[in-house]
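One structure is given here, and the rest of the page talks about it.
The values are calculated or read from the model by the stated rules, or taken from the named source; none is laboratory data. In this text, all values refer to a predicted model and were calculated from it rather than measured experimentally. Here the Cβ positions follow ideal geometry from the backbone for every residue, glycine too, while neighbour counts run over all protein chains shown.
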Amino acid sequence: MTSKEIIAETNRYIMNTYVRQPLALTRGEGCFVYDPEGCEYIDFVSGIAVDALGHCSQELVQAINDQAATLMHVSNLYYTEPQVQLAKILVENSFADKVFFCNSGAEANETAIKLTRQYAEKTHGPGKFEILAMENSFHGRTMATITATGQPKFHAGIGPLVPGIRHIPFNDIKAAEHAISPKTAGVLIEPIQGEGGVITADQNFMLALRDICDRAGSLLIFDEVQTGVGRTGKLFAYEHFEVAPDVMTLAKGLGGGVPLGACLSTEKVAQAFTPGMHGSTLGGNPLVCSVAYVVVEKLLESNGLLSSCQEVGKYFFEKLCDLKSQFECVKEVRGQGLLLGLVVSANGIDIVDTCRKHGFLINCTAGNVLRFVPPLTINNREIDQLCDLLVEIFRGEKGKAIL
């Protein structure tokens with residue numbers, strides 16, 4: 001099918017829930033993707049921070065082929081080796097003691113909310129059920145996680161929302177101290193608000209939240225769906241803050257391109273779940289777990305992707321800072337590792353469109369924040385090419401002038 005045919009058939013048969021770029025993609029390799037007509041694009045979106053090892057990584061293709069030819073799915077009524085291998089490598093390289101596998105970030109956060117409430121009920125009684133989440137946050141599309149999402153635009157037309165979830169300002173210690181109460185079962189926070197505009201939590205705020213939760217007997221929950229699995233230059237973003245949560249959620253990059261989510265917790269918290277309280281038919285099946293194990297293993301290699309992500313991420317950040325020093329329309333550089341944002345005073349969608357027309361895929365969030373979440377295999381040369389294009393765009397040499 002041609003690009004026009006794919007787009008036309010999509011519009012005819014698929015529900016209109018996404019604002020899609022006018023682009024059909026049929027093939028990927030490394031940091032590059034291709035449309036049906038053979039046009040090449042350098043991908044700084046990577047499936048929204050999913051394709052950690054790049055497109056069609058040979059290691060992942062081999063893992064998929066090997067496991068698909070062996071055992072793909074049997075449900076969680078039985079034990080499987082790939083699942084326990086993945087759980088083990090996650091536990092041994094994090095604060096956690098136990099893992100629950102599911103299919104997405106929303107499901108992982110839904111699990112975290114249920115686990116937190118069940119732990120609170122068993123430990124403190126039925127009056128401790130409230131979840132405090134952050135304004136400007138994003139946690140998913142299920143009813144509980146969309147309620148926890150601190151952006152009213154996502155709440156329109158789907159009420160009533162799930163009760164017992166309130167929002168407090170991000171990075172506001174006094175607001176957190178004031179809001180927490182004997183009813184608070186847990187506090188849910190993203191170390192970096194991705195969909196909210198690539199806004200990083202302040203370390204003092206994170207330390208204060210840990211202390212506040214400990215004093216109140218509440219759990220601290222980190223949503224690392226976007227920040228986890230090497231994206232920030234460490235295996236998990238919480239390591240940057242020297243603060244360990246009680247519960248952490250993962251997805252996106254964990255599967256490297258296959259659907260997988262996870263909720264991790266300490267042993268004490270995990271004991272709140274007993275058989276029948278939660279489950280997932282497809283979650284953690286042998287196919288996805290064998291792929292995710294390769295992703296995590298590659299990240300943990302000495303002098304491998306994690307160190308590269310730190311170095312390349314620093315280089316990318318400095319290049320974006322150079323743009324800020326040159327152009328008044330660039331207001332701020334945000335983020336860490338290879339989760340970076342460039343705040344502009346222009347319509348970000350126009351810049352996204354211009355980049356696409358010149359062979360680069362980038363993303364805009366929060367209206368005017370250009371978000372860059374490329375494969376962790378991106379290199380300096382490809383970053384230079386993108387930044388050179390952005391210079392031309394900001395000068396008005398490519399498309400409509402931005403200044």
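At-a-glance table
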{"item": "Residue match in the stretch 116-127 (condition: β-branched (Val, Ile, Thr), surrounded by fewer than 20 Cβ atoms within 10 Å (Cβ to Cβ) and not in a loop (DSSP other than H, G, I, E, B))", "result": "yes"}
{"item": "Cβ-Cβ under 6 Å pairs, at least 6 apart or on other chains, the stretch 150-162 side assigned by TED's automatic domain parsing to the domain that holds Ile131 and assigned to a loop (DSSP other than H, G, I, E, B), far side of a type in the set (A, V, I, L, M) and at pLDDT 95 or above", "result": "Gly150/Ala133; Gly150/Met134; Val162/Met143; Val162/Ala144"}
{"item": "Residue in the stretch 312-334 that is touching a helix residue (DSSP H, G or I) at 6+ places or on another chain (Cβ under 7 Å), closer than 30 Å to Lys88 by Cβ and of a type in the set (A, V, I, L, M, F, W, C) present", "result": "yes"}
{"item": "Matching residues in the stretch 163-187 - criterion: being in contact (Cβ under 8 Å) with a residue 12 or more places away in the chain and not in a loop (DSSP other than H, G, I, E, B)", "result": "Ile165, Arg166, His167, Ile168, Ile173, Ala176, Glu177, Ala179, Thr184, Ala185, Gly186, Val187"}
{"item": "Close pairs from the stretch 286-297: first farther than 16 Å from Phe100 by Cβ and touching a residue at least 40 places away in the same chain (Cβ under 8 Å), partner surrounded by fewer than 24 Cβ atoms within 10 Å (Cβ to Cβ) and among the acidic types (Asp, Glu), Cβ under 8 Å, at least 6 apart", "result": "Pro286/Glu81; Ser290/Asp66; Val294/Glu59"}
{"item": "Total residues in the stretch 33-49, condition buried (at least 21 other Cβ atoms within 10 Å of the Cβ) and within 17 Å of the chain's Cα centre (by Cα)", "result": "5"}
{"item": "In the stretch 58-103, the residues that are in contact with a Gly (Cβ under 7 Å, 6 or more places away or on another chain), within 23 Å of Thr377 (Cα to Cα) and part of a loop (DSSP other than H, G, I, E, B)", "result": "none"}
{"item": "Test: Leu53 is more than 22 Å from Val294 (Cβ to Cβ), in the same structural domain as Leu370 (by TED's automatic domain parsing) and assigned to a loop (DSSP other than H, G, I, E, B)", "result": "no"}
